[in-house]
Amino acid sequence: MACSKSRCLNSISQVLLTLLILRCLLCHSRPHCYDSKPLSEISKEIFKYSDIAQRIINLAVYGKAQNRSYERLAEFTDTVGNRVSGSKNLDLAIKYMYNALTRDGLENVHLEQVKIPHWVRGEESAVMLLPRNHTLAILGLGSSVGTPLGGIEAEVMVVESFEELKKRASEAKGKIVVYNQPFVSYGETVAYRASGASEAAKVGAVASLIRSVTPFSINSPHTGWQWYQPGVPQIPTACITVEDAQMMARMARRGQRIVVRLTMGAQTLPDVDSYNTVAEITGSKHPEQVVLLSGHLDSWDVGQGAMDDGGGVAISWEALSLIRDLGLRPKRTLRTVLWSAEEPGGVGAAQYFQQHKVNISNFDLVMESDLGTFSPLGLQFTGSDKARAIMKEVMKLLAPINVTSLEEHGEGTDINMWMKAGVPGASLHTADQRYFWFHHSDGDTMSVQNPEEMNLCSAVWAVVAYVVADLEEMLPR
């Protein structure tokens, strides 16, 4: 039956009103609903945290907690040392941190079991026999196979790129391929470390030596993980110093014959049990909702692992301590996770994601510090436009220490899967020009760290984590 125009309009109005009510009800039932709130209101809400932010900054930078993150890191790395995936030292590091977090009075301190790779370096050496005798400083790359007993002695073929390797493929059989690739950026140049062995094996090489992925060297090799491609012969591979790679390139250009003897005792043992280490401050209103702070507890088996990623571990612990010391308890839970086995490819974090993704709607923000704790510049952020606008307002609270920048693209092997699934993610951006000078080398020690810079990083980490965890609503997706 047809209705009159006024009756139809009234019916439509009732339907629209009903839909609006349902939207509001759904909004309140969802863990995040800043979508409908004007940014101006959110900005006023965030501005009210100015005093709390200043209290956190004062405690971290000028107060009783000054230098605490540095001292904690120094004691930890001096006591445990480096801690490669699968090693007894990593086991000791996990026990150390579990006990330290418990003694610190943090809440729900516990371990979550994971399976991680166990690669062992073994004895290794490389000697250039021709055109003169010279000992090469090397570090085998993670997951590399060892050489046959007695080593490999072979002529060297030096290339500057994968393209040159393909062009000269007919020359490579039975040789040791030396990559002398220039450092462009870590993201681009690391491909030679990751894939150099398999690419060399495809053209018949018996081993590969990769120029260390660093812009600066004092004859220091830099290690890292590498991946063998399926169906390609697995050949031994190690990194060499920038200086030795350049020297052999000069010799090759002169037409000199280069011979190297490479000996590596590397082997991959069965995966072992390990743990992600967790500590919390439980939320007062929405304890099931989480702001996650993190760094990775494993390191390479050289240096102390102070920079990569001891600093990230220290400030993720310190952030909770600062908030606890001030008697603050945000509405949502603050959860610090110290990842196991990041260096082999985020292994512990990937298993954490699988274990917790069922509750993904309750993860408000995931944060990782894994590019050094030098002087902070800001955060790198991945999230929706509305979430980015909110985070820009949060960063304004750090104006007293001049750390207000919010940049594109949150980074972190351990949080990438969360960001890909739509959870907002943030990484600490510091003045990291020197990071790759020491990265994965014997130079990664406490001497790289600066207590004043770590104070600032701790303040940034704590302010951002607390404020986001205490806002009325979660960040919009």
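Cα centroids of region 57-126 and region 33-49: 37 Å apart. Accessible area of Leu111 (1.4 Å probe, protein heavy atoms only, ligands and nucleic acids ignored): about 70 Å². Straight-line reach from Lys173: taking Cα to Cα under 18 Å and skipping same-chain neighbours fewer than 8 places apart, the aspartates and glutamates in range are Glu153, Glu155, Glu160, Glu163, Glu164, Glu199. Here is what passes the span test in the chain: the DSSP H helices with alpha carbon length of 27 Å or more along the helix axis and a Kyte-Doolittle mean of -1.0 or above are 5-29, 451-470. Cross-link partners for Lys420 among the lysines, with Cα-Cα distance under 30 Å and sequence neighbours closer than 8 places in the same chain left out: Lys37, Lys115, Lys285, Lys331, Lys357, Lys386, Lys392, Lys396. At the residue level, His409 shows approximately 130 square angstrom of accessible surface with a 1.4 angstrom probe and all protein chains present. Here the Karplus relation 6.51 cos²θ - 1.76 cosθ + 1.60, evaluated at θ = phi - 60°, turns the backbone of region 140-157 into coupling constants of x, 8, x, 6, 5, 7, x, 7, x, 3, x, x, 10, 10, 7, 6, 9, 10 Hz, with x for every Gly and Pro. Applying a DSSP loop filter and a limit of 11 other Cβ atoms within 10 Å to the trypsin sites (Lys or Arg not before Pro) in region 63-95 leaves Lys64. At a probe radius of 1.4 angstrom, the accessible area of region 122-265 per residue rounds to 42 square angstrom. Rounded to the nearest 20 debye, the dipole magnitude of region 122-265 is 400 debye, with +1 charges on Lys and Arg beta carbons, -1 on Asp and Glu beta carbons, and the Cα centre as origin.
Computed from backbone phi with θ = phi - 60° and the Karplus coefficients 6.51, -1.76 and 1.60, the 3J(HN,Hα) list for region 418-432 is 5, 5, 5, 7, x, 7, x, x, 9, 10, 6, 10, 10, 6, 9 Hz; x is used for glycine and proline. Matching the structure-derived Cα extents along the principal axes in Å against the labelled list (i) 58, 56, 54; (ii) 64, 55, 45; (iii) 94, 67, 40 gives the label (iii).
Ordered from largest to smallest accessible area (heavy atoms of protein chains, 1.4 Å probe), the residues Glu342, Glu71 come out as Glu71, Glu342. Accessible surface of the chain, 1.4 Å probe: 54 percent of it comes from carbon and sulfur atoms. Helices in the chain, meaning DSSP H runs of at least 4 residues, each add -39500 (n - 2.57). Divided by all residues, the mean residue ellipticity at 222 nm is -11000 deg cm²/dmol.
When DSSP beta bridges are restricted to pairs lying wholly in the chain, around 55% turn out antiparallel. For Glu408, the solvent-accessible surface with a 1.4 Å probe is about 110 Å², rounded to the nearest 10.
Residues in region 220-227 carry Karplus couplings, in order, of 10, x, 10, 8, x, 7, 10, 10 Hz; the curve used is 6.51 cos²θ - 1.76 cosθ + 1.60 with θ = phi - 60°, and Gly or Pro positions show x. Overall form of region 375-477: oblate. Here a/c, set by the Cα gyration tensor axes a ≥ b ≥ c, is 1.5 or more, and a/b is not larger than b/c.
The values are calculated or read from the model by the stated rules, or taken from the named source; none is laboratory data. The structure presented is a predicted model; accordingly, all values stated were derived computationally and were not measured. As a convention, Cβ positions derive from the backbone with ideal geometry for all residues, glycine included, and neighbour counts pool all protein chains shown. Accessible surface areas use protein heavy atoms only, side chains included; no ligands, DNA or RNA. Shrake-Rupley method; radii C 1.70, N 1.55, O 1.52, S 1.80 Å.
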